[in-house]
Amino acid sequence: MTLPVVWRPRTTRILAYTLASTIMIGMIVLAFVVPRDWGTVDRVGLVTFGLLVAWILHVLARCRIAADRRGLTIVNPLYTRRYEWAEVVRVNMSAGDPWPTLDLASGDSISAMGINGAEHRLAARQMTELRILLRTYGEAPDPLA
């Protein structure tokens, strides 16, 4: 597998950006068609609300997992974390899980929302690729082998 590689949930991105565009267009149109007694502040408020909702949807859609030779970058809605390959012990995603969980050498776990469990075939392929990379880059060579 060629690095760097980035995994993103397709359905989440399509839905989020389609909905964000629809809401923005709707709010802009609504700002023009509301009755005359609505002031400029009210109209700007409608568009601002649309921008806020679009921003929230963008934050949800930006989730990803990026792998390079040095490690993994996990981008979730509220934070971005960088881990060296040696820090990641295992990646788990059982049937029905919304996204995988990375078990870390520190004993902590972190959700990685860049793979969407609802996209069954795509998620299975992405998990296989991630596990191969983890096995290739994350494990120390066995000195007895």
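The values are calculated or read from the model by the stated rules, or taken from the named source; none is laboratory data. What you see is a predicted model; the values in this text were computed from it and never measured. All Cβ positions, glycine included, derive from the backbone under ideal geometry; neighbour counts span all protein chains shown. We work out accessible area using only protein heavy atoms, side chains counted, and drop any ligands, DNA or RNA first. Shrake-Rupley method; radii C 1.70, N 1.55, O 1.52, S 1.80 Å.
Brief remarks follow.
- Condition check for Leu57: open to solvent by less than 70 Å² (accessible area, probe 1.4 Å), not hydroxyl-bearing (Ser, Thr, Tyr) and not in a helix (DSSP H, G or I): no
- Answer from Val89, Val53, Val75, Val44 - the residue that is among the hydrophobic types (A, V, I, L, M, F, W, C) and in contact with a Lys or Arg (Cβ under 6 Å, 6 or more places away or on another chain): Val75
- Only one of the listed residues (Met127, Met113) is surrounded by 15 or more Cβ atoms within 10 Å (Cβ to Cβ), touching a Cys at 6+ places or on another chain (Cβ under 6 Å) and in contact (Cβ under 8 Å) with a residue 12 or more places away in the chain. That residue is Met113.
- Against the list (1) open to solvent by 80 Å² or more (accessible area, probe 1.4 Å); (2) outside any loop (DSSP other than H, G, I, E, B); (3) more than 19 Å from Leu134 (Cβ to Cβ), the condition Arg36 fails is (2).
- Top-ranked residue in the range 105-126 [being under 20 Å from Ala86 (Cβ atoms), among the aliphatic types (A, V, I, L, M) and at pLDDT 95 or above; ranked as nearest to the chain's Cα centre (by Cα)]: Ala112
- Those residues of the range 71-82 which are surrounded by 14 or more Cβ atoms within 10 Å (Cβ to Cβ) and either polar (S, T, N, Q) or not in a strand (DSSP E or B) (or both), in sequence order: Thr73, Asn76
- Some residue of the range 51-64 being modelled with pLDDT under 95 and of a type in the set (Lys, Arg): no
- Options Asp103, Asp108, Asp68; residue that is open to solvent by less than 70 Å² (accessible area, probe 1.4 Å), out of contact with any helix residue (DSSP H, G or I) (no Cβ under 7 Å at 6 or more places or on another chain) and more than 24 Å from Arg13 (Cβ to Cβ): Asp103
- Note on the range 83-98: residues that are in a strand (DSSP E or B) and not hydroxyl-bearing (Ser, Thr, Tyr) amount to 6.
- Filtered by the rule that a residue be of a type outside the set (Ser, Thr, Tyr) and open to solvent by 80 Å² or more (accessible area, probe 1.4 Å), the range 15-28 gives Leu15, Leu19, Ile25.
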